1. Condition first: exposed (fewer than 11 other Cβ atoms within 10 Å of the Cβ) and modelled with pLDDT under 75. Now tell me which residues in the range 79-95 satisfy that.
2. Give me the residue from the range 15-32 that is of a type in the set (D, E, K, R) and either within 24 Å of the chain's Cα centre (by Cα) or open to solvent by 100 Å² or more (accessible area, probe 1.4 Å) (or both) and, out of that set, farthest from Val5 (Cα to Cα).
3. Which of the following residues is of a type in the set (A, V, I, L, M), surrounded by 10 or more Cβ atoms within 10 Å (Cβ to Cβ) and modelled with pLDDT of 75 or more: Ala35, Ala108?
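The values are calculated or read from the model by the stated rules, or taken from the named source; none is laboratory data. This one's a predicted model, so the numbers in the text were calculated from it and none came from an experiment. Methodologically, a virtual Cβ is constructed for each residue, glycine included, from the backbone with ideal geometry; neighbour enumeration extends over all protein chains shown. Heads up: the accessible areas ignore ligands, DNA and RNA and are worked out on the full protein's heavy atoms, side chains in. Shrake-Rupley method; radii C 1.70, N 1.55, O 1.52, S 1.80 Å.
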Amino acid sequence: MSMNVPEAIAQLISEGHSEDEAVEIVSLAIQHMNAQKQQAINYSPLKQGVNDKSMAEYWKALREKAENNVYIPPHMNVPSNQETTLEIFKQNMRMRNPKSESPLRNTASAIEWFKQQRKGS
């Protein structure tokens, strides 16, 4: 983010600020932008570890903040824990082809199917 300093000072003067006030306001704005830039440079998710608990909390807080401003469809919301995620995955896999009569759909019938295959050959 860059700023045209003479233009910003001229705009502040035209809004009724004195030249000294305008220079001070612009210098504070530049200091603030530089501080934000340095903070962004110093922050690195890789320094903390991508799978770190603090990163998970960071992304959760970011999502919650975004939910206030942006509509997120319910099917795109991230479940809060791993068990829910696993259950959703299982349900999605079952729904892929609900008419499938595959003997490999559950463990017990799969074992029986493989036993029958061994006996048949």
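1. Those that are exposed (fewer than 11 other Cβ atoms within 10 Å of the Cβ) and modelled with pLDDT under 75: Ser80, Asn81, Gln82, Glu83.
2. By that ranking, first place goes to Glu15.
3. Residue meeting the stated conditions: Ala35.
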